[in-house]
1. Please list 3J(HN,Hα) in residue order for region 464-472, calculated via the Karplus relation 6.51 cos²θ - 1.76 cosθ + 1.60 where θ = phi - 60°; whole Hz, with x for glycine and proline.
2. Given a Förster radius of 35 Å and the C-beta distance between residue 105 and residue 156 as r, what FRET efficiency does 1/(1 + (r/R0)^6) yield to the nearest 0.05?
3. Just order 269-278, 30-39 by mean Cβ neighbour count inside 10 Å, highest at the front, would you?
4. If amide H atoms are built 1.01 Å from N in the plane of the peptide, which residues on other chains or at least 5 residues away come under 5 Å of the amide H of residue 499?
5. Among 65-72, 585-592, how do they line up from the highest to the lowest mean number of other beta-carbon atoms within 10 Å?
6. With the other protein chains left in place, how much accessible area per residue, in square angstrom, belongs to region 120-244 at a 1.4 angstrom probe?
7. Once the dipole of the chain is set up with Lys and Arg at +1 and Asp and Glu at -1 on Cβ about the Cα centre, which of 380, 216, 310 lies farthest towards its positive end?
8. Mind listing the long-range amide H neighbours of residue 87? Cut-off is under 5 Å, sequence gap 5 or more, other chains count too, H placed in the peptide plane at 1.01 Å from N.
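The values are calculated or read from the model by the stated rules, or taken from the named source; none is laboratory data. Everything quoted here is computed from the prediction, not taken from an experiment. Cβ coordinates were reconstructed from backbone atoms using ideal geometry, including for glycine residues, and neighbour counts include every protein chain displayed. Areas reflect the complete protein model, heavy atoms only, side chains present, ligands, DNA and RNA absent. Shrake-Rupley method; radii C 1.70, N 1.55, O 1.52, S 1.80 Å.
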Amino acid sequence: MALKKIKKVLLQYWGYDGFLPLQQEAMETVTAGRDAVVILPTGGGKSLCFQVPAVLFPGVTVVVSPLISLMKDQVDSLQESGIYAERLDSTLPFDQQKEIVSSLLRGELKLLYISPERLLTAGFIDILKKAHVSFFAIDEAHCVSMWGHDFRPEYRQLSKLRKLFPKAVFAAYTATATEHVQNDIAQQLHLKDPNMLVGSFDRPNLIYKVRPKRDIIKQVLKVINQFHRQSGVIYCIRRKDVESMAAELRSLGYKALPYHAGMDDNERRKNQDKFIREKVDIIVATVAFGMGIDKSNVRYVIHAGMPKSLEHYQQESGRAGRDRLEAECWLFYSPGDYGTWKSFTRDMNEASAKIAMEKLSAMYNFCTSGTCRHKTILNYFGQEPEKDNCQCCDVCLGQLETISDPLVTGQKILSCVARLEQRYGGSYTAAVLTGSRESRILECGHDNLSTYGLLNDFPKNVVQDWIEQLCGQGYLTKAGEYNVLHITPKGLELLRGNETPRLLKPAIKAGSKSRIAEDSWKNVDKALFEKLKDYRTEKATERGLPAYIIFGDSALRDMARLKPTSNEALLEVKGIGEKKSKQYGKEILNIISGHKQ
Ligand code: ADP
C-alpha cells in the first residue's frame, strides 16, 4: 500500500516512474516510521528520499540543512514541482518569515528547510511544538561527526531534538561518510534502531581522464572546445592562476568568469548567478567554488592542477554530472603541484604533516599509476567496484598504453638514482639518463656514469614522467626541500626484479569512446535540444531561477528524443510532473511542432 502511494507521488510531482538504487528502501523505511541513515553518492537522488515521504506524511517535515543556497535551490525546485515548501532564514523579510510560521501552524506547509542554529533557538522549538512535525530529515549529516570532513559544532546540538520530539521519525542523509562516521551520526542523533542504507560511492557517469600538465592553456582549450555551449568548471590551485586563466579564456572569446575567496562578495555572487542561469558557460575557480551550489548539468570539471587529496578530488570532480548524465573530469597534474602541497606541510605538526603526506601520496598515485580511476577512488574509500573494467576512464578505454619493458626501464632509472648517490631530483636524473650535455652535468662528471644516456632514445620530459610514475607507485620518494629522489624498499625489490612497475607510453591513443555518452544522446535531435535549452534560459531569466530548476538536462534530452505532440505524451518525459506540464507544456509543444515543420 505504502509503496503504491510512494510511486504515485514520485510520478505525479517529479515525473519519475522508477527508483534509483536504495531510494525505494529509504522511502519505505521512513514512511513506515523507522529511523534511517542514508548514504548515497552525489547525484544518487538523496533529496527525493526525504521529499517523497514528506509529501505523504501528515503535518510538516523539517529539513535541516547547513547552507542557505542549498536550501534555496531545493525549495525553488519543490515549489516548481507544485509542493508547498519554504525555508526560514535571516535573509527573508520579517513579514515573509511571519507568514511562513503562520502557514506552519495552520498545518499547510509540507516541508520546512532550516539551519540548525535557527531550529534550536528556544523560541523556534516552542513554535515547532505547536505544529505537527512528523519527520526530521538531517541533510549533509556528516557535519554532525567530528570524524567527518566538515564538522559543524551547531550540528552536534541536534542531539537534543530526539527527546523534544519523541514521536517524530528521524533520518540522516549524506554523500560522504566512512563507517566510523555513519555510526557516529546514528549515535549523535540518538536514532532508534536506524536502517543503515549505504550505497556505492561510485559515480558511473563520470569519465575520468588524467594527463601530465604541459601547456595548460592549450590542454584546457582542447577539452572545452568539445563542450560548446555547455557548462563546465575549471579548478586552479591559486587565485592568480584563476585570474589569468579566466582572462585568457575571455580574450579568446569564451564566456568564462573567475570565482575565488579573494574577490568581493558581491562580484562573486554575480558570477555564480550568471553561471547558474547559464549566461556564462565556464567558471574558473579555486576550491572555494561549489560549496552550496547544486547546478545539476555541469558537463565537465577540469583540474588545471592536482588537488591535495582524493577526498578533495572526489568532491570537486563530483560537481560534474549531478543529473546522472555523462560528464568528463579532466585532471592535469605536475610534479610542481606535488611540491606545492608538500611545501604546505612544513608548517604543520608532525602528526598532521604525516597524514597530509599520506593523502598527497595517494592522490599522486591516482595520477601516475595508470590503474582504473574508478577502482582507485573506490578502493581508497574502502569499496570495491562492481566490474573490473569501468569503460569510463582513460585507462579502461585504452587511451593510455603501457610500455613493453617497464621492468628494465624502471631498473635503468633506479640504477641512475643510485649512481647519483640519491642526491638529485627528477629533472636532473632525467637529464643524466637522456645524455644531456648541460654544463652542470659535465662539470660534475656525471657523463662518466654507467647510467649516463641509458634512455637517450627518449625526450627528457618522457623520462621525467616515468620518474614521477615511479614516485607515485612508491618505488621512489622525494625527500627534503629539493625533492631529492630516494629508493624505497619497494624500489629495491624492483632493482632485484621482484616487482614490475606500470609505465605509460608517452603518446595518447585515441582509444575507444565511452558508451555512456553515446547512449544518453541516442536518438536525441540535437538541434531541437538546443532550441529547448534557449527556451529554458529564457524562462530562467524571466523567473529569476537557476536554469536546471526549470528543467534538468535529462528532461530536455528526453523531450528532444520523444518529441511529444500532446500533453499526455509530454508527461511521459522523465522529469516532467503535472505542474511543469501545465506551466510550460503549451510553449514546449509549440517549439516541438515548429521544429518538426
Ligand atoms: P543528491 O542529492 O543525492 O546529489 P539529487 O536528489 O539532486 O541527488 O538527484 C540527482 C538527480 O537524479 C536529479 O537530477 C534528480 O532529479 C534525479 N533523480 C532523482 N530520483 C530519480 C528517479 N527516481 N528517477 C530518475 N531520476 C531521478
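1. 5, 4, 5, 4, 4, 5, 5, 5, x
2. In this case the efficiency is close to 0.80.
3. 30-39, 269-278
4. Residues meeting the amide H criterion: 494.
5. Put in order of decreasing packing, that is 65-72, 585-592.
6. 47
7. With unit charges placed on the Cβ atoms, the residue in question is 216.
8. Here the answer is 113, since their amide H atoms fall under 5 Å of that of residue 87.
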